[in-house]
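Below is one structure, written out as C-alpha cells; comments come after it.
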Amino acid sequence: MNISKTILVTRHLPAMKAFYINQIGFPLVSETNESFTMQIGTDQLTYQQTDDVDTQYYMAFNIPENVFQQGKAWLVERTPLLIEDGQDEIYFDFTDSHSCYFYDPDENVLELIARHQINPSKAELTFDVSDILGIGEMSLTVKDVLEVGEQLAEIGVVERRERPLNGASLNFLGPVADGTHILLVPEGRTWLFSPKTAKVSPSRWNSTADIGSGLMQRAYGIKVPFLHNSLF
C-alpha cells in the first residue's frame, strides 16, 4: 500500500507553502491562489486554504534505513525538533525503527522515520530532501474507531498484523512489509513528542493497496463518506 496523493486543509496557506517548499525544500508541483501541491518522494501532498476548520494532522515521511542520523542533522538545520523527556529521537524496538518529530506552521506533528528492516538502504551516507522516500504514515482521526475500522476492513484495509482494533488507542492499518500505514486514531489521543491531541480533520487520499486478488485504488474520503473527514 502507498498513500500516493493526499489533500489536507490549512488556515495558513502562505506560511505552509513557505515552510514545505522554501524551508524544507520539497519540489513544488503546482499551485493556485487557494492551494499548492508538493512532491514528497513517490507521493504528492496538497494543502488547500480553508477559513473555518480547526485541524490537527499527523504524518510520517519514510527515509532510507541507514541514514537516520544524517537525516536528523539535515532536518535540524531547517526546523527545531520536538523534545520528549529530554530526547529528540526515539527507537521503537517492536518495529526496529528510529524517528524524530517536528511541527509545520499549523503545528501538525510530522515525523522522519527510518524502518531498518523495511526501508531501503542508501549507498552514500549523506542526506537531502530528495532522499525522503514518500509518505509512510497518515492519521485518520475519527470519533468511533471500531465502526470506521469495520468499514475499512470491508475493502481490505486491516490492522497491520490482522489483530483486533483498539477503540481507545492508535491502530496501524496496512501490511507491515509495505512500510506505509494509515493511523486510525480516536479523537483526543495525544501524539508522541507533542501535547497536541488528535482532531477529526478533513482529508482525501488516493491509496493503492494489494487487496484480495489484485491492485485496487481507493479514495477513502469518497468511498467511505461517513468518516466525516472529507470536505471535498
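The values are calculated or read from the model by the stated rules, or taken from the named source; none is laboratory data. Note that the coordinates shown come from a computational prediction; the quantities given were computed from them, not determined experimentally. Virtual Cβ from ideal backbone geometry, glycine too; neighbours counted across all protein chains shown. The area values use the complete protein model at the heavy-atom level, side chains included, leaving out ligands, DNA and RNA. Shrake-Rupley method; radii C 1.70, N 1.55, O 1.52, S 1.80 Å.
Observations, loosely collected:
- Residues that are in contact with a strand residue (DSSP E or B) (Cβ under 9 Å, 6 or more places away or on another chain) and open to solvent by less than 70 Å² (accessible area, probe 1.4 Å) within the stretch 151-170 comprise L152, A153, I155, G156, V157, V158, E159, R160, L165, G167, S169, L170, listed in sequence order.
- Scanning the stretch 191-203 for residues that are open to solvent by 40 Å² or more (accessible area, probe 1.4 Å) and in a loop (DSSP other than H, G, I, E, B) turns up L192, P195, K196, K199.
- Output for the stretch 26-58, where each listed residue is assigned to a loop (DSSP other than H, G, I, E, B), loosely packed, with under 15 Cβ neighbours inside 10 Å and either in contact with a Gly (Cβ under 8 Å, 6 or more places away or on another chain) or modelled with pLDDT of 95 or more (or both): P27, T32, N33, E34, T42
- Some residue of the stretch 73-83 being of a type in the set (F, W, Y) and open to solvent by less than 10 Å² (accessible area, probe 1.4 Å): no
Residue-wise test of (1) at pLDDT 95 or above; (2) among the hydrophobic types (A, V, I, L, M, F, W, C).
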position	(1), (2)
V76	yes, yes
K122	yes, no
L133	yes, yes
V148	no, yes
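- Check on E187, over 23 Å from R11 (Cα atoms), among the charged types (D, E, K, R), at pLDDT 90 or above and open to solvent by 40 Å² or more (accessible area, probe 1.4 Å): no
- If you go through the stretch 59-68 and pick out every residue that is among the charged types (D, E, K, R) and open to solvent by less than 10 Å² (accessible area, probe 1.4 Å), you end up with 0.
- Filter pass, F102 being farther than 25 Å from G188 by Cβ, touching a helix residue (DSSP H, G or I) at 6+ places or on another chain (Cβ under 8 Å), open to solvent by less than 60 Å² (accessible area, probe 1.4 Å) and of a type in the set (F, W, Y): no
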